[in-house]
1. From the helices alone, meaning DSSP H stretches of at least four residues, give me the mean residue ellipticity at 222 nm for the chain, per-run term -39500 (n - 2.57), in deg cm²/dmol to the nearest 500.
2. For Arg166, what residues show an amide H to amide H distance below 5 Å, using hydrogens built from the backbone and excluding near sequence neighbours?
3. Cβ under 14 Å from His47's Cβ, His47 left aside: what net charge do those residues give with Lys, Arg +1 and Asp, Glu -1?
4. Check every DSSP H run in the chain and write down those whose alpha carbon atoms cover 30 angstrom or more along the long axis and whose mean Kyte-Doolittle hydropathy is 1.0 or greater.
5. Modelled label-to-label distance, Arg46 and Glu214, 7 Å Cα→beta-carbon offset: nm?
6. Whole Å is fine, so just give me how far the alpha carbon centre of the stretch 16-72 lies from that of the stretch 90-118.
7. Within 12 Å, Cβ to Cβ, of Met5, how many net charges do the neighbouring residues add up to if Lys/Arg are +1 and Asp/Glu are -1?
8. Evaluate the chain: find the radius of gyration of its Cα atoms, find its Kirkwood radius, and give the ratio Rg to Rh.
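The values are calculated or read from the model by the stated rules, or taken from the named source; none is laboratory data. Only a predicted model underlies this, so the values are computations on that prediction, with no experimental measurement involved. Using ideal geometry, Cβ is built from the backbone for each residue, glycine included, and neighbour counts are taken over all protein chains shown. Calculation scope for accessible area: heavy atoms of the full protein, side chains included, ligands and nucleic acids excluded. Shrake-Rupley method; radii C 1.70, N 1.55, O 1.52, S 1.80 Å.
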Amino acid sequence: MLKRMRSDIQAVFDNDPAARGWFEVIFTYSGLHAIWNHRMAHFFYRHHWFTIARIISQASRFFTGIEIHPGARIGNRLFIDHGMGVVIGETCEIGDDVVIYQGVTLGGSGKEKGKRHPTIGNNVVIGSGAKILGSFKIEDQCNIGANSVVLKEVPFGSTVVGIPGRVVRQGGKRLDRLSHQMPDPVVDAMGLLQREIEQLRVEMKSLKEQLEAEKLPKE
């Protein structure tokens, strides 16, 4: 358990340039506290002490602003940055080395029983305010853009942006894991329309000049 706690602390240093020292991280990082409280709650949940597990999770939610259902399965070195408003559902599964920013929801899309929350692969970054809803998998090495709403499976190494979430091809360009500067397909579409409008203006100007030339009286 101590080895795992040390790896959780190291994940903070690996992902947060503002982290200054072990003492500060241990006593002031709410995301770290939420993960450690969840480990205790999950222990009781697995042993069918459901009420105790929920009491621990609700107390953790009160103090950290992060709600993790005790039934959720979380891998190693999860880093929750800031964390206020993060919600992780009961049947959610999270892999190793995942980064989650504030306001993220890993929830269900209905009242169905059984597996109803997403499975998050390894080395996934989920931007602020993103919503991943439903029972499907986000494959390894994916980036989910801020405020995206993801409703279907995301293939390996993809970047998703928009509402609903759409996979955006990167053309081989490598993105910083911690960067929120994700491509925006709406902005790209607007840029394309602007270029087409400019082209139409040029063509109309040329046509207008041609018509005016034809109207000139012949000598």
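1. Computed mean residue ellipticity for the chain: -13000 deg cm²/dmol.
2. Here the answer is Val161, since their amide H atoms fall under 5 Å of that of Arg166.
3. +3
4. Qualifying helices: none.
5. 8.2 nm
6. 16 Å
7. My count for the surroundings of Met5 gives +4.
8. 1.24
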